[in-house]
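A.B. asks: Quick one: the structure is below, and I'll ask about it shortly.
The values are calculated or read from the model by the stated rules, or taken from the named source; none is laboratory data. Since the structure is predicted, the reported quantities are computational estimates derived from the model, not experimental observations. As a convention, Cβ positions derive from the backbone with ideal geometry for all residues, glycine included, and neighbour counts pool all protein chains shown. Areas reflect the complete protein model, heavy atoms only, side chains present, ligands, DNA and RNA absent. Shrake-Rupley method; radii C 1.70, N 1.55, O 1.52, S 1.80 Å.
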Amino acid sequence: MNARTLAYWTTTALTAFSFISGGAAYLYHAEAPLKGMAELGYPMYFVMLLGVWKVLGGVAILAPRLPLLKEWAYAGIAFDLTGAVVSHAASGHPPMKLVGPIAILAIAIASWALRPASRRMNAPTGTSAPAGNAVQAYATASR
């Protein structure tokens, strides 16, 4: 296993674990996430909605193939984490509360950027698409 593959699977596993375990905690109505959501001013039904989407997003980035689903999952992960940062900042929480979501977002971005060709949109099977350059990959694939 080369360094890029190891880095991809490490960042992907960390992201997936964070989202699957966090989503499960929401779905099981664990005390800490319920308290945190209440502090942010969100209604309790939002906890269930976020719990479902977090679990599904974590599973989607681990699943083989399905590159379009993975793109949506990574986008949802980015929306969730940037929303967490904004929510904590707007609620007047100390800056240390922003570190967690920002760190997980950085790990998720690394996972997205390091994903192999088989997990990218419009990348022909057996070739590698340039990291982070979907337009060029699409142009190459459509020739």
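A.B. asks: Give me the pairs: first residue in segment 41-54 and closer than 17 Å to VAL86 by Cβ, second residue assigned to a loop (DSSP other than H, G, I, E, B), beta-carbon distance under 8 Å, and six or more apart or on different chains, which are they?
C.D. replies: Listed pairs, sorted by first residue: GLY41/SER91.
A.B. asks: Right, another one. Residues in segment 47-54: is at least one among the basic types (Lys, Arg), open to solvent by less than 60 Å² (accessible area, probe 1.4 Å) and modelled with pLDDT under 95?
C.D. replies: no
A.B. asks: When LEU34 is evaluated against the numbered criteria (1) in contact (Cβ under 8 Å) with a residue 12 or more places away in the chain; (2) within 23 Å of LEU14 (Cβ to Cβ); (3) surrounded by 14 or more Cβ atoms within 10 Å (Cβ to Cβ), which criterion, by number, is the only one it fails?
C.D. replies: (2)
A.B. asks: Give me the pairs: first residue in segment 72-97 and hydroxyl-bearing (Ser, Thr, Tyr), second residue open to solvent by 60 Å² or more (accessible area, probe 1.4 Å) and modelled with pLDDT of 95 or more, beta-carbon distance under 7 Å, and six or more apart or on different chains, which are they?
C.D. replies: Hits for this filter: TYR74/TRP112.
A.B. asks: Do we have ALA25 as hydrophobic (A, V, I, L, M, F, W, C), out of contact with any Ser or Thr (no Cβ under 7 Å at 6 or more places or on another chain), within 23 Å of ALA103 (Cα to Cα) and touching a residue at least 12 places away in the same chain (Cβ under 8 Å) here?
C.D. replies: yes
A.B. asks: Taking interchain pairs and intrachain pairs at least six residues apart, which have beta carbon atoms under 8 angstrom, with the first residue in segment 106-135 and open to solvent by 50 Å² or more (accessible area, probe 1.4 Å) and modelled with pLDDT under 55 and the second of a type in the set (Asp, Glu) and part of a loop (DSSP other than H, G, I, E, B)?
C.D. replies: none
A.B. asks: Being in contact with a Lys or Arg (Cβ under 9 Å, 6 or more places away or on another chain) and of a type in the set (Val, Ile, Thr) is the filter; apply it to segment 57-84 and report the residue that is nearest to PHE46 (Cα to Cα).
C.D. replies: ILE77
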